[in-house]
Structure formats: structure tokens, C-alpha cells
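Reading through the C-alpha cells given below for one structure.
The values are calculated or read from the model by the stated rules, or taken from the named source; none is laboratory data. Because the structure is predicted, anything quoted here is derived from the model rather than measured. Cβ placement follows ideal geometry from the backbone for every residue including glycine, while neighbour counts extend to all protein chains displayed. Remember, those area values only see protein heavy atoms, side chains included, never the ligands or the DNA or RNA. Shrake-Rupley method; radii C 1.70, N 1.55, O 1.52, S 1.80 Å.
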Amino acid sequence: MNIANPQAFALLWLMPLLAAALHWFYLRRCQKTSLFVQNHLLEDMAQGFSKKHYRIKAMLVMAAFLFMVVALSRPQWGYSMLPIKRHGLDIMIAIDTSKSMLTRDVLPSRLERTKLAIKDLILKLNGSDHIGLIAFAGDAMVMCPFTYDYNGFLLSLDDLGTDTIPRGGTNLAQAIDESVKAYQGMADSDKAVVLVTDGEEEEGDALEAAKRAKAKGVHIFTVGIGTREGDLVQVSNPQGQTEFLKDAEGNAVKSHLNENLLAQIAYMTGGAYVRSTGTQSGLDYLYDRQLSKLKKHDAQAKMARLYDERFQWPLTLAFGFLLAETSFLYRKRNAK
């Protein structure tokens with residue numbers, strides 16, 4: 001047997017309150033009746049009043065409530081196997097994890113703001129979209145291959161940090177090439193890469209990589225995180241204190257958003273560029289206006305187990321107990 005909604009059993013804590021309420025009503029009735037009849041004469045003189053009957057009625061109400069809760073929990077047994085075919089997008093998300101993503105011109109930081117935006121994007125997916133994750137700095141690595149398991153994807157996303165990729169720097173070309181490689185052997189559909197970065201390129205040739213991606217039919221949608229004015233990069237030292245990142249000459253490093261490069265990459269591959277601000281990540285726009293229009297794939301149909309709902313049985317019992325309670329008399333009939 002399977003329980004589809006086990007949270008319903010939390011309502012059982014109301015049963016002691018229901019019992020207390022029924023007992024209070026009983027005491028209240030006895031108190032009012034005692035104004036006219038003494039307690040030891042109550043059942044004989046108060047038109048056949050029966051404490052036993054009241055207890056039975058209370059037990060019927062309690063039983064009805066119990067079976068209503070069981071019905072709400074949606075018990076299921078017996079099942080049938082049905083084919084389910086997925087129809088969705090293939091989306092690879094590549095996130096910049098270089099130290100420049102620690103810049104706080106976008107709060108709480110560029111990297112943390114990116115994570116929050118990606119989590120919001122996941123909420124928009126319908127369960128049929130295939131999604132993967134790549135982290136990149138001086139090198140690129142697949143953190144989560146294409147999957148329908150969004151919870152597993154989110155675990156990989158939460159683990160991202162500036163130490164995820166040991167090799168420092170920013171290599172956009174490597175991130176693009178790794179994203180294209182991830183699509184090998186995938187179904188025939190429009191291939192989409194969402195590249196989230198501040199656009200600072202320290203090595204590689206991102207535009208040449210974009211040309212290679214275009215030749216493979218991959219659309220790159222770039223999301224610029226940061227501000228044009230930029231800010232100093234703040235890092236934590238071994239003592240856990242925050243300090244400014246410095247270059248080899250001892251100068252504080254200031255990171256700027258390179259929108260021009262990101263816009264060129266998107267344009268060359270038939271994608272789109274958006275800039276993430278403090279209030280708008282731009283990912284909602286990309287998904288609603290761009291990604292959702294791409295050609296979707298039909299994944300291989302899988303057999304799913306569909307359980308048979310059996311909530312009707314406990315619900316019928318609950319109504320039966322309520323019907324019995326309403327038809328059950330408080331008073332016993334006087335003998336004639």
C-alpha cells in the first residue's frame with residue numbers, strides 16, 4: 001500500500017481537542033439538566049436521558065474524524081503501468097566560479113546572486129526539461145550531467161564555490177567547448193547553453209569557441225552578472241577575515257562587467273544577451289521569451305507505475321459513522 005499524502009496524518013493531533021470539546025459539551029448539558037433534576041435521578045427522570053448513548057455518539061464522531069483523515073492521506077493500492085513520454089528542452093547552464101564572482105556590486109555577491117537566480121529558474125521548469133551544470137574558471141568541469149532530477153541538480157548548484165575549479169582565471173572558451181561536448185549523443189533538438197558570467201576573459205578565445213558552437217547547432221544565451229562600474233573583489237584570508245584581492249604587483253583588483261563580449265557571443269550563436277541586475281536576474285526573460293520557443297525533444301517513453309486511489313473507502317466509512325451519529329438518539333425511549 002502507498003500513502004500519497006502522509007502530511008494529512010498531522011491532523012490527528014486535533015483528536016484530543018475534539019475529544020475535549022465533546023466532553024465539555026457533555027458536562028455543559030449535565031450542568032444545565034441538574035438545575036431541574038438531581039444527578040442520581042437524572043437518567044430516570046430527564047425523559048430517559050442516557051449517558052451511555054452520549055458516549056456512543058461521541059465515539060461515532062471521533063471515528064468519523066479518524067477515517068476522514070485517512071481519506072485525506074490518499075491511501076493507494078493496486079497499480080497499472082502506463083507509458084510516459086517527455087517533451088522538453090535540453091539546457092546546459094555554465095556558471096563562472098572565478099574569484100571575480102565574489103564581487104559585491106550585486107548583493108550578496110555575483111556568485112550567490114547567480115545561484116538564487118538559477119533556483120528560481122528551476123521552479124519554472126515543467127519536469128520534462130533536461131538540465132545540466134558546468135562550473136568554470138581557468139578550466140571547466142561538468143558538475144551535473146543532463147538530468148531530470150532537479151533535486152540532484154540543486155545539490156550540485158549549492159556546492160559551487162570559487163574553489164570548485166582549482167585552476168584560477170576565467171576561460172570562457174573552455175566553458176563553451178565543454179558545454180558543446182556535453183551535447184554529444186543527445187536527442188535531435190535545439191541545443192541551449194546559458195552562460196552566466198561577468199564576461200572577463202583572461203585566457204582563450206571566446207569568440208572562436210562561439211563559432212565552433214554555432215557549427216554544432218548550439219545556441220548560447222549569455223547572462224551578464226555585475227555592473228559596468230564594477231567593484232573591488234573581496235576574498236577571505238586564511239584567518240577568515242575579508243580583504244581585497246590583489247594582483248602580482250600588490251594592487252587591489254577591480255572587476256567590471258564585459259557586456260560587449262557577452263553580447264557578441266550570443267549574437268554569433270543565435271542566442272540572446274541579458275544583464276542581471278539586483279532585482280531582475282534576466283533568466284525569467286530568457287526562459288519565457290527565448291528558451292521556451294526552441295525546438296523541444298521527445299525523450300524515450302518510460303513506463304510509470306500509476307497507483308489506484310482508494311480514498312473512497314475510508315471516506316465512505318466516515319460518512320457512515322456520521323450518518324449513524326445523526327440518527328442515534330441521545331435519549332433512550334421510555335418503556336410503555
Practice problem: Quick one: which residue in Leu82, Leu72 is farther than 17 Å from Met15 by Cα and either open to solvent by 50 Å² or more (accessible area, probe 1.4 Å) or at pLDDT below 90 (or both)? | Solution: Leu82
Practice problem: Provide a single number: the residues in region 170-188 that are out of contact with any helix residue (DSSP H, G or I) (no Cβ under 9 Å at 6 or more places or on another chain) and in a loop (DSSP other than H, G, I, E, B). | Solution: 7
Practice problem: For Ile91, state whether it is part of a strand (DSSP E or B) and closer than 27 Å to Thr277 by Cβ. | Solution: yes
Exercise. Restrict the check to region 151-166 and report whether at least one residue is more than 27 Å from the chain's Cα centre (by Cα), open to solvent by less than 30 Å² (accessible area, probe 1.4 Å) and not polar (S, T, N, Q).
Key: no
Quiz item: Taking the stated definitions as given, is Tyr307 assigned to a helix (DSSP H, G or I), surrounded by 13 or more Cβ atoms within 10 Å (Cβ to Cβ), among the aromatic types (Phe, Trp, Tyr) and at pLDDT 75 or above?
Solution: no
Practice problem: Identify, from the list Leu121, Leu102, the residue that is within 14 Å of the chain's Cα centre (by Cα) and surrounded by 17 or more Cβ atoms within 10 Å (Cβ to Cβ). | Solution: Leu121
Practice problem: Would you mind stating whether Arg228 is within 29 Å of Leu123 (Cβ to Cβ), at pLDDT below 90 and exposed (fewer than 12 other Cβ atoms within 10 Å of the Cβ)? | Solution: no
Quiz item: Taking into account only those residues within region 189-212 that are touching a residue at least 60 places away in the same chain (Cβ under 8 Å) and part of a loop (DSSP other than H, G, I, E, B), which is most open to solvent (accessible area, probe 1.4 Å)?
Solution: Glu202
Self-check item: Pairs, first hydrophobic (A, V, I, L, M, F, W, C) in region 167-180, second open to solvent by 10 Å² or more (accessible area, probe 1.4 Å) and not in a loop (DSSP other than H, G, I, E, B), C-beta under 6 Å, six or more apart
Solution: Ala175/Ala140
Practice problem: Mind listing just one residue for me: the one in region 318-330 that is open to solvent by 90 Å² or more (accessible area, probe 1.4 Å) and not hydroxyl-bearing (Ser, Thr, Tyr) and, of those, modelled with the lowest pLDDT? | Solution: Leu323
